[in-house]
Amino acid sequence: MLGTQAVVADPDWLRYAASFAPLLAAIIAGWIAWRTLAERREADRRDQWWKRTQWAIDLAMDRDFSRAVVGLVALKHLAASNLCTDEDYELLDKIGGAKIDALTLSAESARRAAPGPQLPDRGTAGPEAPRTAVPPGPAAGTAAVPVTLESRGARVLASSAGMAKVLAEADRLVSFVASQRSRKKGTETGGSPNG
């Protein structure tokens with residue numbers, strides 16, 4: 001009969017448990033509300049980050065070199081945020097690369113489209129002022145500005161100081177994004193970010 005005796009429940013513990021039930025419900029409800037607010041706050045931060053990123057992208061792709069530099073610097077700053085995801089790093093990398101491509105290809109196209117040396121036409125009669133040959137490339141009176149693109153391991157010539165600044169900032173953005181991506185992957189796999 002030892003194992004078959006029924007244990008009589010003490011009704012006092014039920015009163016104590018019942019008195020803590022509202023407190024337990026309040027704690028659970030508070031935790032749920034706190035999590036909801038935290039997620040909302042994070043979503044709002046991410047939304048604002050994206051709005052600033054769109055603004056910076058618009059500036060970075062502007063034809064005006066001064067505005068493009070501001071946009072590229074802002075994109076680099078935004079890439080340093082903990083809100084930047086892997087997809088964002090990929091997008092920023094492509095934007096920086098596209099800006100470099102656009103400037104280097106447009107400079108190359110302009111060089112190819114420039115007319116060859118202009119020589120006087122021998123078939124015309126009468127005195128003419130001598131014409132000077134203008135070599136294709138940067139406009140006369142301006143010197144090409146060399147720019148080293150670390151991200152591509154190349155050296156290019158910019159047709160102006162403004163273009164050189166934009167190329168340098170776009171290259172800095174691409175290099176910075178690449179370092180952020182590798183650092184983020186290093187910390188995710190358990191390695192240290194410094195090597």
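The values are calculated or read from the model by the stated rules, or taken from the named source; none is laboratory data. Treat the numbers as computed from the prediction; the structure is a model and nothing was measured. Backbone-built Cβ (ideal geometry, glycine too); neighbour counts: all protein chains shown.
Quick look at the numbers
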{"read-out": "Boolean, Arg111 is at pLDDT 95 or above and not polar (S, T, N, Q)", "value": "no"}
{"read-out": "Residue in region 35-46 that is assigned to a helix (DSSP H, G or I), modelled with pLDDT of 90 or more, surrounded by 11 or more Cβ atoms within 10 Å (Cβ to Cβ) and among the acidic types (Asp, Glu) present", "value": "yes"}
{"read-out": "Any pair with Cβ under 7 angstrom, 6 or more apart, that starts in region 75-87 at a residue that is touching a residue at least 24 places away in the same chain (Cβ under 8 Å) and ends at one that is surrounded by 12 or more Cβ atoms within 10 Å (Cβ to Cβ) and small (Gly, Ala, Ser)", "value": "Leu75/Ala56; Leu75/Ala60; Leu78/Ala56"}
{"read-out": "Filtered residue count, region 144-184, keeping only those that are over 19 Å from Gly97 (Cβ atoms) and without any contact (Cβ under 8 Å) to a residue 60 or more places away in the chain", "value": "6"}
